[in-house]
Amino acid sequence: MAKFSLRRYDTQARMSVVFGMLSALGILALGVLVFHNFDFSEMAIPYARPWRRQVVFLTAAVTLGIATTALGFGFNSAGQRRNERPRESWIGFFVGAGCICLALALLFLFHTRAEFIAR
């Protein structure tokens, strides 16, 4: 079998960590987009550009897709006997699950607190 094959469980474990770290970067980007211009006195997120809402939703969708991939690879390879890297499987699984939760929480925060301000 080829050295890099997604049928191998150790390769899936390694890819779950890679996708988990990419989803963590997506969470950072989403956090910057959501908390940019956050007004703590009114607990609102004012934004003046109409395309900002679409950028936040697109970033959340990409982050959720990458985190779901990390979660899936980690879950699939975690308990397999032929997996030489079970620790990486669990790391990718839990990082993916945490990023899914954080992305949904940030998306909910933006959806409920965002206010478009026409100039």
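Annotations for the structure displayed:
- In the set Met43, Met21, only one residue is hydrophobic (A, V, I, L, M, F, W, C), more than 11 Å from the chain's Cα centre (by Cα) and surrounded by fewer than 19 Cβ atoms within 10 Å (Cβ to Cβ); that residue is Met43.
- Given (1) under 30 Å from Phe94 (Cβ atoms); (2) in contact (Cβ under 8 Å) with a residue 60 or more places away in the chain; (3) among the small types (Gly, Ala, Ser), index of the condition Ala29 fails: (2)
- Ala118 of a type outside the set (Phe, Trp, Tyr) and part of a helix (DSSP H, G or I): no
- Checking Thr11 against (1) surrounded by fewer than 16 Cβ atoms within 10 Å (Cβ to Cβ); (2) out of contact with any Pro (no Cβ under 7 Å at 6 or more places or on another chain); (3) free of Cβ contacts under 8 Å to residues at least 12 places away in the same chain; (4) among the polar types (S, T, N, Q), the condition it does not meet: (1)
- Test: residue in segment 102-113 that is outside any helix (DSSP H, G or I) and buried (at least 19 other Cβ atoms within 10 Å of the Cβ): no
- Evaluation of Ser89 against (1) surrounded by 20 or more Cβ atoms within 10 Å (Cβ to Cβ); (2) within 17 Å of Ala13 (Cβ to Cβ); (3) at pLDDT 95 or above (one fails), failing number: (3)
- Close pairs (9 angstrom Cβ cut-off, 6 or more residues apart or separate chains): more than 24 Å from Ala29 (Cβ to Cβ) in segment 64-88, among the aliphatic types (A, V, I, L, M) and part of a loop (DSSP other than H, G, I, E, B) anywhere: Pro86/Ala78
- Taken over segment 1-60, the criterion of being assigned to a helix (DSSP H, G or I) and β-branched (Val, Ile, Thr) is satisfied by Thr11, Val17, Val18, Ile27, Val32, Val34, Val55, Val56, Thr59.
The values are calculated or read from the model by the stated rules, or taken from the named source; none is laboratory data. Because the structure is a prediction, the values reported are computed rather than measured. With ideal geometry, Cβ positions are generated from the backbone for all residues, glycine too; neighbour counts draw on all protein chains shown.
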